[in-house]
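K.L.:
Structure incoming, see below.
The values are calculated or read from the model by the stated rules, or taken from the named source; none is laboratory data. Model, not experiment: these values are computed from the prediction. Note: ideal-geometry Cβ built from the backbone for every residue, glycine included; neighbour counts use all protein chains shown. When the accessible area is computed, the model is the full protein with side chains, heavy atoms only, and any ligands, DNA or RNA have been set aside. Shrake-Rupley method; radii C 1.70, N 1.55, O 1.52, S 1.80 Å.
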Amino acid sequence: MTNSTHKIIVEDLDFYYDDFQALEKVSLKAPANQVTALIGPSGCGKSTFLRTLNRMNDLIEGTQVEGKVLIDNEDIYQDDLDVVSLRKRVGMVFQDPNPFPKSIYDNVAYGPKAHGIKDKDKLDDIVEKSLKRAALWDEVHDRLDKSAIGISGGQQQRLCIARALAVNPDVILMDEPTSALDPVATAKIEELVEELKENYTIIIVTHSMQQAARISDYTAFFLTGEIVEAGPTEKIFERPEDQRTEDYITGRFG
Amino acid sequence: MQKRGKLSKFKEKAIEWFFFGNGILAIIILIGIFTLLLKEGLPTFQEVSIKEFLTSTDWNPTSYSNRSYGIVSLVYSTLLVTVGSLIFAVPLGIACAAYLAEVAHPRMREILKPTVEILAGIPSVVIGFLGIVLVGPMIAKVFNLSNGLNAINGSILLGVMALPTIISISEDAISAVPEEYKQASLALGTNEWHTLITVTLPAALSGIIAAVMLGMGRAIGETMAVLMATGNAPAFPESIFDSVRTMTATIAVELGEVPYNTTHYYSLFAIGLVLFLMTFVVNLISDLVLHKYGEGE
Amino acid sequence: MESSNLKQKIGFNILRLSMLVILLILGVILYDIISKGIGVINWQFITAAPKNGMTEGGIWPAIVGTFYVTVITAVVAVPLGVFAAIYLNEYARQGKITRLIRMAIRNLAGVPSIVYGLFGLALFVNVLGFGTSILSAGLTLGLMTLPVTITASEEALKAVPNSYRHGSLALGVSKWHSIRTNVLPYAIPGILTGTILGLARAAGETAPILFTGAAFFLPFLPQSLSSQFMALPYHLYIMSTQHHDIAKVRPLAYGTALVLIVLVLSMNLIAILLRSWLRKKNK
């Protein structure tokens, strides 16, 4: 494969919290318009890795990054890069649904408004499109002015996805987006992820191997801050090359 | 891909610097207070020796023939009323804190805590007024004195004013003692009172000490109550029934009447400097006790 | 076992008794002021200026003066306090400077009010040349109140969940915009609570305004920022210790004390109610 089909290319990434090295020589290529799953036991560094891709780790004091992260062939850790516009391109959905205590409408319109869109019709249009893409429109279109705190957890998470879509990113990072949800809500989100990959490149951290197998095209297995093995999901699950990968996916540890 | 201009990045930096400027304002003000007290206080010692200032018991800057600037009796008066106030405010305050934290029903606590805050909210001038009209006559009657404007009156008022501080901070400290400590003690078959005395209060000791120090700081620095209710005789007090004049009251009484830029004027700033240093040390001690484990905050 | 249970009973009752003593003290204070002050309160007392060498008339100029000076206090202490709190909670990194700032704030909170008075006299009245005026007094009270507003605002900002900040930043919204639109609005009720408490304290303070602008007697209201002013707490001090006929004006002093505590305590009450409403809402 050539670079042009790889949306994200990570080369020899080291990451430190103070003296603790959380990631060691991590390299990964994530194909465009596909779902890449990051799997591994708790504390293996998969969430840390995810947060290096939109530089959310910058918010933690005492962290340090070495190596290269290229998105569209541009190093996102170069000196004059603007983190704010990076995060506009690389959206994120958090582990726990975190809707703002505003109305459903204002949650989705928050990003576009912050980026200077004031026209009411335009905002209406963005809100509707985003909610439709997040498969939430039918459930909430008649109560857009109601507080987002009042809807169910699964709806809240889809709202957060809609909120991320509204600023028109081309990558979406998802950090165990279904870990706080029930099976029905989880199924809806999984379905949604498969639809979204048509237009977005998706990186998803998941605790559940079944989930990774169901929705991802490409899988990377993390262990103690390193990538043990990465490749097409089918291959990782059916013909893993590394013994540790096999142990993990067959449930022998983790 | 869209890129924001350098301008917005610059704007973000500028905003951060603006807030930083506001953040360090506290340090600037603290240094400013100290510097101005020094600037206005130090000229005192062109006429008065530091030794006289710090060791003489005679404060009489307006005497025609023999002016004197010794602050010993003022400092002693301040400490006398302060210690007097703590003698009853500390045990009473800690007992109340223990009641609120460990005995009171939660619903009761919800009502009582704001009530204690109401006590804290009463202006010191009102407390001083009550010292004149209520506490003074009472003391005069009980101890058969010509009037009740004396050290003990000041102590009572200061104690009342220090109580809310002592109660609320001690209560926080007692409530913060981990439940496991208490459970461990109760599991050994001791009752709640024994647990409170032997486990909970000792565990909360650093917080309680901090509370007492803060209460003490307030008492040392309090002006209006002592100004109004202690009689303000600048002589060295012989007993707690004597009229006293604290450092704060001296500044309050005399600064209004003294011409600017005279030795007398400067000497009042010098008293202010001593007062500032005293409360600074007391607050620093409470600060160190309270934050000794240097939690990150 | 019997004796330790008896000890517990006695011990708890001593604690209860202590609480009762506090309530009694508060009760006596309020009862004395209210019962003796209520008699002089009438329309004229509230709305007229003092007359006949302050032996008659009302306290209107003192009420207005206290109101004005508290407004200046708020103008100084609220924005500066909120800005400093935003720095501490949103921007500051852990380190020496931040620790030093926090220590300075705690120490400022412990500086005696009369020392603020000296500082205000030296800085605002003399060095900056504002003279003894409502401006100097307000600035002095503002600085005194600053530690309260900083601490209250920081508490309020701390109570806003981090997920609001991160959620906004992850959308590519700049830090300041995130704070302004997705953090600060949720902290405002908390900021208000602490601020009102701080202002109530400032409104009742006497020592800081003794030499910075409070006047013994003025037959008129303050005309500008450079006017001197009458204030309720200072008026009470004058009426109870400095007046030539203290016995005669004692009822007026009680009336003044009553108006002052009603003013200050109702501010406290508003803050307390606001806070308990907030706590319920956040549950």
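K.L.:
State all residues of region A:29-44 that are open to solvent by 10 Å² or more (accessible area, probe 1.4 Å) and in contact with a Leu (Cβ under 9 Å, 6 or more places away or on another chain); if no residue qualifies, say none.
P.N.:
Across region A:29-44, the qualifying residue is only A:Pro41.
K.L.:
Check C:Val82, C:Val69, C:Val40, C:Val64 and return the single one that is under 30 Å from C:Ala104 (Cβ atoms) and more than 12 Å from chain B (Cβ to nearest Cβ).
P.N.:
Details: C:Val82 fails: more than 12 Å from chain B (Cβ to nearest Cβ); C:Val40 fails: under 30 Å from C:Ala104 (Cβ atoms); C:Val64 fails: under 30 Å from C:Ala104 (Cβ atoms).
Going through C:Val82, C:Val69, C:Val40, C:Val64 in turn, just one is under 30 Å from C:Ala104 (Cβ atoms) and more than 12 Å from chain B (Cβ to nearest Cβ): C:Val69.
K.L.:
Now for a different question. Return the only residue of B:Thr190, B:Thr230, B:Thr195 being in contact (Cβ under 8 Å) with a residue 40 or more places away in the chain and within 13 Å of chain C (Cβ to nearest Cβ).
P.N.:
Unique residue meeting the criteria: B:Thr230.
K.L.:
Quick check on region C:119-139: of everything there that is open to solvent by less than 20 Å² (accessible area, probe 1.4 Å) and among the aromatic types (Phe, Trp, Tyr), which residue is nearest to the other protein chains (Cβ to nearest Cβ)? Break it down into steps so the answer makes sense when it comes.
P.N.:
Restricting attention to region C:119-139, the residues satisfying the condition of being open to solvent by less than 20 Å² (accessible area, probe 1.4 Å) are C:119-122, C:124-125, C:133-134, C:136-138.
With among the aromatic types (Phe, Trp, Tyr) added as a condition, the list becomes C:119, C:124.
Numbers: C:Phe119: 5, C:Phe124: 11 Å.
This residue is C:Phe119.
K.L.:
Which of the residues spanning region B:71-110 are outside any helix (DSSP H, G or I) and among the small types (Gly, Ala, Ser)? Give the derivation first.
P.N.:
Of region B:71-110, the ones outside any helix (DSSP H, G or I) are B:71, B:104-105.
B:Ala104 - this is the single residue of region B:71-110 that is outside any helix (DSSP H, G or I) and among the small types (Gly, Ala, Ser).
K.L.:
Something else about it: What are the residues in region C:48-98 that are part of a loop (DSSP other than H, G, I, E, B) and open to solvent by 40 Å² or more (accessible area, probe 1.4 Å), if any?
P.N.:
Narrowing region C:48-98 to residues part of a loop (DSSP other than H, G, I, E, B): C:48-49, C:52-55, C:58-59, C:92-95.
The answer is C:Asn52, C:Gly53, C:Arg93, C:Gln94.
K.L.:
Pick from B:Phe236, B:Phe280: which is hydrophobic (A, V, I, L, M, F, W, C) and facing chain C (nearest Cβ under 10 Å)? Reasoning before the result, please.
P.N.:
Details: B:Phe236 fails: facing chain C (nearest Cβ under 10 Å).
The unique qualifying residue is B:Phe280.
K.L.:
Another question about this same structure. Return the residues of region B:136-148 that are within 14 Å of another protein chain (Cβ to nearest Cβ) and either open to solvent by 50 Å² or more (accessible area, probe 1.4 Å) or modelled with pLDDT of 95 or more (or both); say none if nothing qualifies.
P.N.:
If we filter region B:136-148 for residues that are within 14 Å of another protein chain (Cβ to nearest Cβ), which is where we start, we get B:136-138, B:147.
Of everything in region B:136-148, those that are within 14 Å of another protein chain (Cβ to nearest Cβ) and either open to solvent by 50 Å² or more (accessible area, probe 1.4 Å) or modelled with pLDDT of 95 or more (or both) turn out to be B:Pro137, B:Met138, B:Asn147.
K.L.:
In region B:22-48, which residue that is open to solvent by 70 Å² or more (accessible area, probe 1.4 Å) and of a type in the set (D, E, K, R) is nearest to the other protein chains (Cβ to nearest Cβ)?
P.N.:
The extreme case among them is B:Lys39.
K.L.:
To continue, here is another question. Scan region B:244-267 and give yes if some residue there is more than 10 Å from chain C (Cβ to nearest Cβ), modelled with pLDDT under 95 and farther than 24 Å from C:Leu210 by Cβ, otherwise no.
P.N.:
No, that holds for no residue.
K.L.:
Spot the failing condition for B:Tyr76; the list is (1) under 21 Å from the mean Cα position of the chain (by Cα); (2) open to solvent by less than 30 Å² (accessible area, probe 1.4 Å), and only one is missed.
P.N.:
Here B:Tyr76 clears every test but (2).
K.L.:
Residues being under 12 Å from A:Leu173 (Cα atoms), in contact with an Asp or Glu (Cβ under 8 Å, 6 or more places away or on another chain) and crowded, with 23+ Cβ neighbours inside 10 Å: count how many of those fall in region A:91-112. Let's see the steps before the verdict.
P.N.:
Going residue by residue through region A:91-112, those that are under 12 Å from A:Leu173 (Cα atoms) are A:91-95.
Now drop any that are not in contact with an Asp or Glu (Cβ under 8 Å, 6 or more places away or on another chain), which leaves A:92-95.
Restricting the remaining residues to those that are crowded, with 23+ Cβ neighbours inside 10 Å gives A:92-93.
Within region A:91-112, residues that are under 12 Å from A:Leu173 (Cα atoms), in contact with an Asp or Glu (Cβ under 8 Å, 6 or more places away or on another chain) and crowded, with 23+ Cβ neighbours inside 10 Å number 2.
For (1) touching a strand residue (DSSP E or B) at 6+ places or on another chain (Cβ under 6 Å); (2) open to solvent by less than 10 Å² (accessible area, probe 1.4 Å); (3) part of a helix (DSSP H, G or I), each residue gets a yes or a no:
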site: C:Leu221; (1), (2), (3): no, no, no
site: C:Ser224; (1), (2), (3): no, no, no
site: C:Pro233; (1), (2), (3): no, yes, yes
site: C:Ile238; (1), (2), (3): no, yes, yes
site: C:Lys248; (1), (2), (3): no, no, yes
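K.L.:
Report those helices (runs of 4 or more DSSP H) wholly inside region A:156-254 carrying at least 2 residues which are over 25 Å from A:Cys44 (Cβ atoms).
P.N.:
On the way: elements: A:183-196, A:209-215, A:233-238, A:243-249.
Ranges flagged: A:183-196.
K.L.:
Hey, could you check region B:221-237 for residues that are in a loop (DSSP other than H, G, I, E, B) and open to solvent by 10 Å² or more (accessible area, probe 1.4 Å) and say which is modelled with the highest pLDDT? Spell out how you get there, then give the answer.
P.N.:
Step one: filter region B:221-237 for residues in a loop (DSSP other than H, G, I, E, B), giving B:222-223, B:230, B:232-237.
Subset that is open to solvent by 10 Å² or more (accessible area, probe 1.4 Å): B:222, B:232-236.
On the way: B:Glu222: 94, B:Asn232: 83, B:Ala233: 81, B:Pro234: 78, B:Ala235: 79, B:Phe236: 84.
The extreme case among them is B:Glu222.
K.L.:
Let me ask another. Any idea how many residues of region A:165-218 are hydrophobic (A, V, I, L, M, F, W, C) and under 19 Å from A:Val108 (Cα atoms)?
P.N.:
Residues that pass the stated criteria total 11.
K.L.:
Please work out if B:Ile240 is part of a helix (DSSP H, G or I), hydrophobic (A, V, I, L, M, F, W, C) and either open to solvent by 10 Å² or more (accessible area, probe 1.4 Å) or in contact with a helix residue (DSSP H, G or I) (Cβ under 6 Å, 6 or more places away or on another chain) (or both).
P.N.:
On the way: part of a helix (DSSP H, G or I): no; hydrophobic (A, V, I, L, M, F, W, C): yes; either open to solvent by 10 Å² or more (accessible area, probe 1.4 Å) or in contact with a helix residue (DSSP H, G or I) (Cβ under 6 Å, 6 or more places away or on another chain) (or both): yes.
The answer is no for B:Ile240.
K.L.:
To continue, here is another question. Which members of region C:238-264 meet the condition of being more than 13 Å from C:Ile33 (Cα to Cα), free of Cβ contacts under 8 Å to residues at least 40 places away in the same chain and among the aliphatic types (A, V, I, L, M)?
P.N.:
Filtering region C:238-264 down to residues more than 13 Å from C:Ile33 (Cα to Cα) leaves C:238-249, C:263-264.
Remaining after also requiring free of Cβ contacts under 8 Å to residues at least 40 places away in the same chain: C:240-242, C:246-247.
Correct list: C:Ile246, C:Ala247.
K.L.:
So if I check each of C:Ile196, C:Ile188, which one is more than 10 Å from chain B (Cβ to nearest Cβ) and either of a type in the set (Lys, Arg) or without any contact (Cβ under 8 Å) to a residue 60 or more places away in the chain (or both)? Break it down into steps so the answer makes sense when it comes.
P.N.:
Values: C:Ile196 fails: either of a type in the set (Lys, Arg) or without any contact (Cβ under 8 Å) to a residue 60 or more places away in the chain (or both).
Matching residue, one of C:Ile196, C:Ile188: C:Ile188.
K.L.:
Within 22 Å of C:Ala271 (Cβ to Cβ) and open to solvent by less than 20 Å² (accessible area, probe 1.4 Å): does that describe C:Thr151?
P.N.:
Values: within 22 Å of C:Ala271 (Cβ to Cβ): yes; open to solvent by less than 20 Å² (accessible area, probe 1.4 Å): no.
So C:Thr151 does not fit the description; no.
K.L.:
If you don't mind, there's one more thing I want to ask. Which of the residues belonging to region A:61-74 are more than 11 Å from chain C (Cβ to nearest Cβ) and either exposed (fewer than 14 other Cβ atoms within 10 Å of the Cβ) or in a helix (DSSP H, G or I) (or both)? It would help to see each step written out before you state the result.
P.N.:
To start, the set of residues in region A:61-74 that are more than 11 Å from chain C (Cβ to nearest Cβ) comprises A:63-74.
Scanning region A:61-74 gives A:Gln64, A:Glu66, A:Asn73, A:Glu74.
K.L.:
From the residues in region A:108-138 that are in a helix (DSSP H, G or I) and within 22 Å of A:Ser179 (Cα to Cα), which one is modelled with the highest pLDDT? Don't jump to the end; show me each part of the working.
P.N.:
First, the residues of region A:108-138 that are in a helix (DSSP H, G or I): A:108-114, A:120-133, A:137-138.
With the extra rule that they be within 22 Å of A:Ser179 (Cα to Cα), the set shrinks to A:131, A:133.
Details: A:Leu131: 95, A:Arg133: 90.
Selected residue: A:Leu131.
Yes/no matrix, rows are residues, columns are (1) open to solvent by 30 Å² or more (accessible area, probe 1.4 Å); (2) closer than 26 Å to C:Ala207 by Cβ; (3) within 24 Å of the chain's Cα centre (by Cα):
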| position | (1), (2), (3) |
| --- | --- |
| B:Asn150 | no, yes, yes |
| B:Ile174 | no, no, yes |
| B:Ile197 | yes, no, no |
| B:Thr200 | no, no, no |
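K.L.:
Residues of region C:1-37 being more than 10 Å from every other protein chain (Cβ to nearest Cβ), farther than 30 Å from B:Glu102 by Cβ and of a type in the set (A, V, I, L, M, F, W, C), which ones?
P.N.:
Result: C:Ile34, single match.
K.L.:
Quickly run through region C:260-280 and pick out the residues that are open to solvent by less than 60 Å² (accessible area, probe 1.4 Å) and away from chain B (no Cβ under 11 Å).
P.N.:
Hits for region C:260-280 are C:Leu274, C:Leu278.
K.L.:
Here's something else I'd like to know. Can you tell me which residue is nearest to B:Met213 (Cα to Cα) among those in region B:98-117 that are within 9 Å of chain C (Cβ to nearest Cβ) and among the small types (Gly, Ala, Ser)?
P.N.:
By that ranking, first place goes to B:Ala98.
K.L.:
Restricting to region C:103-118, count the residues that are part of a helix (DSSP H, G or I) and within 7 Å of another protein chain (Cβ to nearest Cβ). Outline the logic, then answer.
P.N.:
Taking region C:103-118 and keeping what is part of a helix (DSSP H, G or I), we get C:103-110, C:113-118.
Filter once more, keeping what is within 7 Å of another protein chain (Cβ to nearest Cβ): C:103-108, C:110, C:113-115, C:118.
So the count comes out to 11.
K.L.:
Quick test of your reading of the structure: A:Ile149 fulfils all but one of (1) away from chain C (no Cβ under 14 Å); (2) open to solvent by 50 Å² or more (accessible area, probe 1.4 Å); (3) β-branched (Val, Ile, Thr). Name the failing condition by number.
P.N.:
If we test A:Ile149 against (1) away from chain C (no Cβ under 14 Å); (2) open to solvent by 50 Å² or more (accessible area, probe 1.4 Å); (3) β-branched (Val, Ile, Thr), just (1) comes out false.
K.L.:
Out of all the residues in region A:103-132, which are touching a residue at least 40 places away in the same chain (Cβ under 8 Å) and more than 23 Å from the chain's Cα centre (by Cα)?
P.N.:
A:Ser103
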